[in-house]
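Visitor: I'd like to ask you about the structure that follows.
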Amino acid sequence: MFAKMLIAWAAIVMCLSLQAQSQYDPLASDIFTMPGEMRRTSSPDTQIVYIDPNKDPLSIDTLMRPLDPEHTTEYLNAISGRQYLGPFVASQEDLRGIWNLDLMGGTPGKVDLLLVQNRDAVFGRGTLSLAGYTVPISASGQAVKDVLYLDLVNTEDLMLYRCTLTISKDFLSGSFNAFDSQSQVWSGTAQGSRSA
C-alpha cells in the first residue's frame with residue numbers, strides 16, 4: 001500500500017511539474033526583465049500589460065528635441081528689423097557733428113541733429129520739423145561698416161523713426177520706418193549731410 005501511495009505522489013508531482021514547465025515564460029517573471037520588453041504577465045489568469053517602447057522613461061523628450069528655428073537669434077533679428085544687434089564690424093567713419101536730414105514719405109520732415117560717437121555707438125539730440133511745428137528728438141544707434149542704424153524718438157508725440165542710412169563721408173542716404181503710438185506704420189526715404 002505504501003508503494004502505491006508513493007507511486008501516486010510521484011505521478012502527481014510529475015504532472016504538476018510538467019504543466020508548470022509548459023507554462024513557464026521568462027518574460028513573465030519579475031526576476032528576469034529585459035529593457036524594451038513588450039509585455040509582462042505574472043500568471044495565466046492576469047491581464048497582459050503592454051509597455052510602449054517609444055515612451056520616454058526619463059522624461060527628457062523636451063530636452064532632446066531639435067531647436068525651433070523660429071526662435072533663433074538670426075530669425076528674431078530678421079523679424080525685429082534690428083539686424084545691427086548681431087555680430088558687427090565697427091565703422092571707420094567719424095559721425096560726430098551737426099547733421100541735417102530730410103525725411104520724405106508720409107509727412108515730409110526735416111531733422112537737425114547733433115551726433116556724438118563712441119566706438120560703434122552713435123547718439124545725440126536735435127529737433128524734428130513736421131507740418132509747421134518743431135519738436136525735440138533724441139537719437140541713438142550704431143554704425144556698422146558703412147551703415148548707420150539710427151533711431152530718432154519724438155518723446156512729445158511718442159513717435160519712432162527707425163533709419164537705415166548708408167555712410168559716405170559727409171553724406172547719409174537710405175530709408176526709414178516710422179511708428180506712432182496709435183499702431184500706425186509708414187516708411188520713406190532719408191537723405192542728409194553734415195554741416196561744416
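The values are calculated or read from the model by the stated rules, or taken from the named source; none is laboratory data. What you see is a predicted model, and the numbers here were worked out from it, not measured in a lab. A quick note on method: Cβ atoms are made from the backbone with ideal geometry, for glycine too, and the neighbour counts reach across all protein chains shown.
Visitor: Spot the failing condition for Ser181; the list is (1) in a strand (DSSP E or B); (2) loosely packed, with under 14 Cβ neighbours inside 10 Å, and only one is missed.
Guide: Failing condition for Ser181: (1).
Visitor: Now a separate question. Exactly one condition in (1) at pLDDT 65 or above; (2) not in a loop (DSSP other than H, G, I, E, B) is false for Asn77; which is it?
Guide: (1)
Visitor: Just to be sure I understand the filter: pairs with C-beta atoms under 6 Å, separated by 6 or more residues or on different chains, first member in the stretch 170-182 and in the same structural domain as Gly109 (by TED's automatic domain parsing), second member surrounded by 15 or more Cβ atoms within 10 Å (Cβ to Cβ) and among the β-branched types (Val, Ile, Thr). Which pairs pass?
Guide: From residues that are in the same structural domain as Gly109 (by TED's automatic domain parsing), the pairs are Gly174/Thr164; Ser175/Thr164.
For (1) surrounded by 16 or more Cβ atoms within 10 Å (Cβ to Cβ); (2) free of Cβ contacts under 8 Å to residues at least 60 places away in the same chain; (3) over 15 Å from Trp99 (Cα atoms); (4) hydroxyl-bearing (Ser, Thr, Tyr), each residue gets a yes or a no:
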| position | (1), (2), (3), (4) |
| --- | --- |
| Thr127 | no, yes, no, yes |
| Gly141 | yes, yes, no, no |
| Val144 | yes, no, yes, no |
| Val147 | yes, no, yes, no |
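Visitor: If you don't mind, another one. State yes or no: is Phe123 in contact (Cβ under 8 Å) with a residue 40 or more places away in the chain, surrounded by 13 or more Cβ atoms within 10 Å (Cβ to Cβ) and out of contact with any helix residue (DSSP H, G or I) (no Cβ under 9 Å at 6 or more places or on another chain)? Reasoning before the result, please.
Guide: Values: in contact (Cβ under 8 Å) with a residue 40 or more places away in the chain: no; surrounded by 13 or more Cβ atoms within 10 Å (Cβ to Cβ): yes; out of contact with any helix residue (DSSP H, G or I) (no Cβ under 9 Å at 6 or more places or on another chain): yes.
Answer is no for this residue.
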